[in-house]
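The values are calculated or read from the model by the stated rules, or taken from the named source; none is laboratory data. These figures come from a predicted structure and were not determined experimentally. Glycine also receives a Cβ, built like all others from the backbone with ideal geometry; neighbour counts cover every protein chain displayed. The area values use the complete protein model at the heavy-atom level, side chains included, leaving out ligands, DNA and RNA. Shrake-Rupley method; radii C 1.70, N 1.55, O 1.52, S 1.80 Å.
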Amino acid sequence: NNVLNYFGKISYGLYLYHFPVITFSTHFLFHGIDSVSSMISSLIFTVLISIASYHCIELKLLGLKDKFFPR
């Protein structure tokens with residue numbers, strides 16, 4: 001499935017950014033209130049940040065890997 005493959009590609013970003021996004025949204029956006037809307041917005045922000053990180057940072061670093069360590 002293409003959707004699952006794509007989530008596999010951005011999974012490191014999901015792992016890396018989920019805690020800071022949850023902390024930021026809970027303390028600054030929702031002022032300590034744990035609600036369904038804060039969880040959903042945290043999930044959406046985490047996925048969006050992970051997608052941006054994958055395309056802006058990770059793909060460029062993966063390209064450097066092939067340049068410096070050819071097969």
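Here the stretch 2-39 is the region considered, the condition is being aliphatic (A, V, I, L, M) and surrounded by 11 or more Cβ atoms within 10 Å (Cβ to Cβ), and the residue that is farthest from Glu58 (Cα to Cα) is Leu29. In the chain, counting only helices (runs of 4 or more DSSP H) that sit wholly within it, the ones holding 1 or more residues that are modelled with pLDDT under 90 and of a type in the set (Ser, Thr, Tyr) span 11-24, 36-53.
Ile57 fulfils the conditions (1) within 16 Å of the chain's Cα centre (by Cα); (2) farther than 15 Å from Ser11 by Cβ except for a single criterion, (2). Applying a threshold of 6 Å to beta carbon distances and a minimum spacing of six or more residues, or different chains, the list of pairs starting in the stretch 4-16 at a residue that is in contact (Cβ under 8 Å) with a residue 40 or more places away in the chain and among the aliphatic types (A, V, I, L, M) and ending at one that is open to solvent by 50 Å² or more (accessible area, probe 1.4 Å) and assigned to a helix (DSSP H, G or I) reads Ile10/Ile51.
For the stretch 48-70, filtered to residues that are without any contact (Cβ under 8 Å) to a residue 12 or more places away in the chain and under 16 Å from His18 (Cβ atoms), the residue that is least open to solvent (accessible area, probe 1.4 Å) is Ala52.
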